[in-house]
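Here is the structure we will look at, set down as structure tokens.
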Amino acid sequence: MDKLRRVLSGAEDEEQGLTTQVLDASSLSFGTRVKWFAICFAAGIVCSILGTALLFLPNGTKLFAVFYTLGNLAALFSTCFLMGPVKQIKRMFEPTRLIATIVMLLCLVLTLCAVFWWHKKGLAIIFCILQFLAMTWYSLSYIPFARDAIMKCCTTCLN
């Protein structure tokens, strides 16, 4: 358990600058970090479910896109409480998850563009589906060998 706390708090990193220490949320206790992670993650789930429920209302596509995107952002930012924002950003842009991160962030932005600027409801729903797939692929990158297992399973099913 101590090893997990050191990894999540960033204590394993060698020599951190003052700015990194301040931005890394290292002043929060482990219990506080876990609580705020749970609160943010739960808020993300609630926003996503609320957005899905609002989809069936008149003009609900805009509300769906906004709430679904806010839900994904809240879920993404919830991990900042566990690792700290600097470490989270560094890990997001590591070579193993760089493409997944870019696609995920691009889909978040394009969903809102499709709803508010382009006024294309169908395109917004497509981007929400792509958001889900990109967020899933991104999340799987944190589980060792999970993406490899999914790829192997998919290639086996296609053959």
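What is the distance in Å between the Cα centres of segment 114-159 and segment 55-84?
16 Å
Taking the Cα atoms of segment 30-156, what is the range of coordinates along each of the three principal axes, in descending order and whole Å?
42, 42, 24
If you build the convex hull over the alpha carbons only and average its shadow over all orientations, what do you get for segment 102-159? Give it in nm² to one decimal.
4.6 nm²
Taking every pair of alpha-carbon atoms in segment 53-111, what share in percent sits in each 10 Å bin, from 0 to the bin with the longest distance?
21, 42, 24, 12, 1
Can you put PHE30, PHE145, PHE127 in order of accessible area, largest first, using a 1.4 Å probe?
PHE145, PHE30, PHE127
The values are calculated or read from the model by the stated rules, or taken from the named source; none is laboratory data. Since this is a predicted model, take the numbers as computed values, not measurements. Ligands, DNA and RNA are excluded from the accessible area calculation, which covers all protein heavy atoms including side chains. Shrake-Rupley method; radii C 1.70, N 1.55, O 1.52, S 1.80 Å.
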